[in-house]
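Here is the structure we will look at, set down as structure tokens.
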Amino acid sequence: MDKIIRYIRQIKLIIIRDGWKKARYLKRNNIFHHIGEKCYYNPNILPAEPFLVSLHDNVVISAGVRLITHSASHIVFNQEENTDKYLCQYGKIEIHDNVYIGANAIINYNVSIGKNSIVAAGAVVTKDVPEGSVVAGIPAKVIGKYEDVKNRAYNYSKEYKGIKDRTVKALMRQKPVEFDI
């Protein structure tokens with residue numbers, strides 16, 4: 001029965017296209033350990049043990065992000081030695097307030113992402129992310145400060161003063177993109 005419930009949850013995540021609605025679905029059904037207010041979850045894949053994931057308030061998780069809650073290396077070790085003495089290593093993933101995780105990042109188990117942080121697209125996070133930092137790379141390393149990125153975003157946004165429709169198409173009417181070809 002547990003596998004059927006897991007498949008149903010997975011199908012629902014694929015069907016729900018909106019990240020805000022996905023986060024509400026996960027929260028309403030108590031699928032993660034905790035989901036705070038104003039969270040956005042866009043991946044179509046749930047972690048193997050979603051009960052080991054905690055999202056605080058104002059967390060945005062982009063498409064393709066993988067939350068890895070355990071290692072399967074014990075299987076290789078047990079098969080190599082024809083034993084069962086190696087156990088699955090697992091741990092929590094805790095994402096604090098005001099965190100953005102870019103597309104296709106991988107967050108490993110036993111990782112805490114400090115508040116006011118950004119994980120760049122494609123990063124592989126293997127250690128705790130300090131509060132107020134921007135991390136990128138494989139493995140992820142601190143490359144900047146959250147406040148610097150926030151200030152750049154504000155300065156960029158000032159160019160669109162007074163605009164009501166905030167879709168990319170609407171923004172492009174005010175500031176078109178030009179290609180070389």
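Values quoted throughout were computed directly from the atomic coordinates according to the rules given, and no laboratory measurement underlies them. Given the structure is predicted, the values throughout are model-derived calculations rather than measurements. Neighbour counts run over all protein chains shown; Cβ positions are idealised from the backbone, glycine included.
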| query | At q = 0.15 Å⁻¹, what log₁₀ I(q)/I(0) does a Debye calculation on the Cα points of the chain give, no solvent, two decimals? | reply | -0.96
| request: Work out from phi, with θ = phi - 60° and the Karplus expression 6.51 cos²θ - 1.76 cosθ + 1.60, the ³J(HN,Hα) of each residue of region 43-60, listed in order in whole Hz, and give x for Gly and Pro. | output: x, 8, 10, 8, x, 4, 10, x, 5, 9, 10, 10, 10, 7, 7, 6, 10, 10
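What does the charge count near His74 come to, summing +1 for each Lys or Arg and -1 for each Asp or Glu among other residues with Cβ under 12 Å from its Cβ?
My count for the surroundings of His74 gives -2.
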| Alpha-carbon Rg with Dmax, taken over region 70-169, Å | 19.0, 68
| Choice from Arg28, Arg166, Arg152 showing the highest fluctuation, given a GNM over the chain with Cα pairs closer than 10 Å | Arg166
| note | Computed over the chain: longest principal axis from alpha-carbon atoms vs helix 2-15 long axis, angle to nearest 10 degrees, is 10
| note | Loop-resident chymotrypsin sites (Phe, Trp or Tyr not before Pro) in region 99-162 with no more than 14 other Cβ atoms inside 10 Å, DSSP not H/G/I/E/B, are Tyr160
| query | What is the helix-to-structure angle for 19-28, meaning the angle in degrees between its Cα long axis and the longest Cα principal axis of the chain, kept from 0 to 90 and rounded to the nearest 10? | reply | 40
| request: Give me the net charge of Pro50's neighbourhood, meaning all other residues with Cβ under 12 Å from the Cβ of Pro50; Lys, Arg count +1, Asp, Glu -1. | output: +3
| remark: Semi-axes of region 132-181 from the Cα gyration tensor (sqrt of 5 times each eigenvalue, largest first, whole Å) come to 29, 16, 9
| How big is D for region 67-120, in µm² s⁻¹ as a whole number, if Stokes-Einstein is applied with the Kirkwood radius of its Cα pairs at 20 °C and 1.002 mPa s? | 166
| message | For a distance above 20 Å, tell me the whole-number percent of Cα pairs in region 1-76 that qualify. | response | 27
| Where does helix 146-158 land angle-wise versus the long Cα axis of the chain, in degrees 0 to 90, nearest 10? | 40
